[in-house]
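What follows is a short report on a single structure.
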Amino acid sequence: MYWNGRIDGEEIDVLRIHQVINVMSFNELKNVNLEEKKVCFVSFNSDEGVRRNSGRLGAKDGWIHVKKALSGFPIFSEDLKFYDLKNPIEVIGQDLESAHTKLSEIISALKKRNFLVVALGGGHDIAFANYCGILNYALEKESDPKIGIINFDAHFDMREYSAGRNSGTMFLQIADICKDMNLNFDYNVFGIQKFSNTKRLFDRADHLGVKYYFAEEIKTIPSDDLYSILKRNEYIHLTLCTDVFHITSAPGVSAPQTFGVNPRNTLPLLKTIARYSKNLTIDVAEINPTFDYDDRTSRLMANIIYELILCHFN
């Protein structure tokens, strides 16, 4: 069981997440009160995208460690309800594509029930399934939805996918979907590392109008840049690749970054996104417990997720 920990009592003011979270099947979640303020965790139990991308394996267990780290966090509002999809989305054999389809369908259905969805990976290819879920949900409301992607990542993840998708191709896949459907591709990346992306990737990003900020620019990003993204989009897809952070803060990732960003410098940006996004969906990826120390990386991301949830419902 992932949700367990210290118990200081049963009174409202001493409760922790593991004491109040509702672990439910998909069918049960579809019947939850539509009007509740609520968050639902959805787990993606997959290393397949990382394997195809020649990364170091182990991210499929990331969601387990994040849930354990989140378990002991305190409850500050009895109005905010916590839910967890009981069974993780699995990749059967090496069929990543079918797993992505299933995950996107679940995300779309949960958004219809007014959940803040937090999808936990797994490899960063989870972002493709999440975007598809957001898009399918949005298309039922309007023909030309404005979806802004905000990616905290050392990489563009826009490589060719003619040989199949992986954890480094998803944002080019999304760009092609947008082109085919005549939708705006609004992709914004925070934390890019020059030595982690080829010239072709920079050229492709420029050609597709991607807005990106290097890791060393994180502390000086104008607030108006961020507010502009939030203002012009009705839906925000916030995707966090844990390798954006410095190796001392996040050693347990698929591709550790010696010059990654300081988490404290990203937190104000993340809290602004969570607070002012009109319709927010989150995914967190590339936590690799195999290479972690004292669950340092999982604890970091659990803290960030917790801050995002509290800010969003503030």
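Quick look at the numbers
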| item | result |
| --- | --- |
| Restricting the stretch 227-253 to residues that are among the hydrophobic types (A, V, I, L, M, F, W, C), touching a residue at least 60 places away in the same chain (Cβ under 8 Å) and not in a strand (DSSP E or B), the residue that is nearest to Asp295 (Cα to Cα) | Val244 |
| Tally of residues being surrounded by 13 or more Cβ atoms within 10 Å (Cβ to Cβ), within 16 Å of Asn151 (Cβ to Cβ) and not polar (S, T, N, Q) across the stretch 178-230 | 26 |
| Meets criteria (over 14 Å from the mean Cα position of the chain (by Cα), touching a residue at least 40 places away in the same chain (Cβ under 8 Å) and not in a strand (DSSP E or B)) for Lys81 | no |
| Checklist (1) outside any strand (DSSP E or B); (2) farther than 25 Å from Pro251 by Cβ; (3) aliphatic (A, V, I, L, M) applied to Ala69, failing item | (2) |
| Options Gly49, Gly62, Gly55; residue that is within 20 Å of the chain's Cα centre (by Cα), modelled with pLDDT under 95 and not aromatic (Phe, Trp, Tyr) | Gly55 |
| Answer residue from the stretch 96-138, given it is β-branched (Val, Ile, Thr) and assigned to a helix (DSSP H, G or I) and is farthest from Leu238 (Cα to Cα) among those | Thr101 |
| In the stretch 181-215, the residues that are closer than 19 Å to Leu230 by Cα and either without any contact (Cβ under 8 Å) to a residue 24 or more places away in the chain or not hydrophobic (A, V, I, L, M, F, W, C) (or both) | Asn184, Asp186, Tyr187, Asn188, Gly191, Gly209, Lys211, Tyr212, Tyr213 |
| Qualifying residue in the stretch 9-26 (condition: touching a residue at least 24 places away in the same chain (Cβ under 8 Å) and within 27 Å of Ser254 (Cβ to Cβ)) | yes |
| Flag if Lys211 is more than 18 Å from the chain's Cα centre (by Cα), more than 21 Å from Asn130 (Cα to Cα) and basic (Lys, Arg) | no |
| Residue within the stretch 263-279 that is surrounded by 16 or more Cβ atoms within 10 Å (Cβ to Cβ), modelled with pLDDT of 95 or more, in contact with a strand residue (DSSP E or B) (Cβ under 8 Å, 6 or more places away or on another chain) and under 24 Å from Asn45 (Cα atoms) present | no |
| Failed criterion for Gly93 (all others in (1) assigned to a loop (DSSP other than H, G, I, E, B); (2) crowded, with 18+ Cβ neighbours inside 10 Å; (3) small (Gly, Ala, Ser) hold) | (2) |
| Flag if Arg51 is surrounded by 15 or more Cβ atoms within 10 Å (Cβ to Cβ) and outside any helix (DSSP H, G or I) | no |
| Any hit, the stretch 182-198, residues being charged (D, E, K, R) and in a loop (DSSP other than H, G, I, E, B) | no |
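The values are calculated or read from the model by the stated rules, or taken from the named source; none is laboratory data. Being a predicted model, the structure only gives us computed values, none of them experimental. Please note: Cβ atoms are built from the backbone with ideal geometry, for glycine as well, and neighbour counts cover all protein chains shown.
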